[in-house]
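Following: one structure in structure tokens, then a few remarks.
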Amino acid sequence: MIDQRATDFERAYSLHLRAITAYVARRVPRDEVDDVVAKVFVVAWRRFDEVPTPPEDRLWLFGVARRCVAHHLRSSLRQGRLRMRLVNEISVVQVPPSHNVDHRVELVLMAMDRLKPLDREALRIVLWDELSHTEAAVVMDCSVNAFELRYRRARNSVRHAVENLTTNVAGKESSSFANTALFVEGQAP
């Protein structure tokens, strides 16, 4: 029984380690990723009898990862660390002015930073982790309808913020990127 459990766990670990690590790496400082990923798989080992059968095991692990990340970030705040500032900082790269540079990416990131944490997570989980709305709803522990409402609200907020910012920038710079569609209707940001 223990040998079969270990074999099943090793299979799940090898299949999902890369996706879970990528998920965590986008949410915590680089030097803390391994610790959080280890916690995810410790929880998975301890609760392995509760892990659903494939392919639902992947979503279950994403849910555990989401909770481990949240716990880790709360702990970091309670301990007075400043790591959250580092997670949210964007390194500035000096790029010579050019009409070929699309400044909308920076505008999208700025708009996403202004979202509520759960709305920002809804966008990230679909756009960065490439989960479907159904999968994302499982990970975020809500109904598909609730997730879709949150995702749509977040997407529209980013779209409107970027449109407002590009209108302001276009008025000052009169650049052509302000007149090109950032999001095609029906397409995710």
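Exposure proxy check: Lys39, Lys116 ranked by fewest other beta carbons within 10 Å?
Fewest-to-most Cβ neighbours within 10 Å comes out as Lys116, Lys39.
When a footprinting reagent is the concern and you count Cβ atoms within 10 Å, what order do Asp34, Asp129 take, fewest first?
The fewest-first ordering by Cβ neighbours comes to Asp34, Asp129.
Readers should treat all values here as calculations from the given coordinates under stated rules, not as data from a laboratory. Here the structure is a predicted model, which is why all the values come from computation and not from measurement. Cβ: placed from backbone, ideal geometry, glycine included. Neighbour counts: every protein chain shown.
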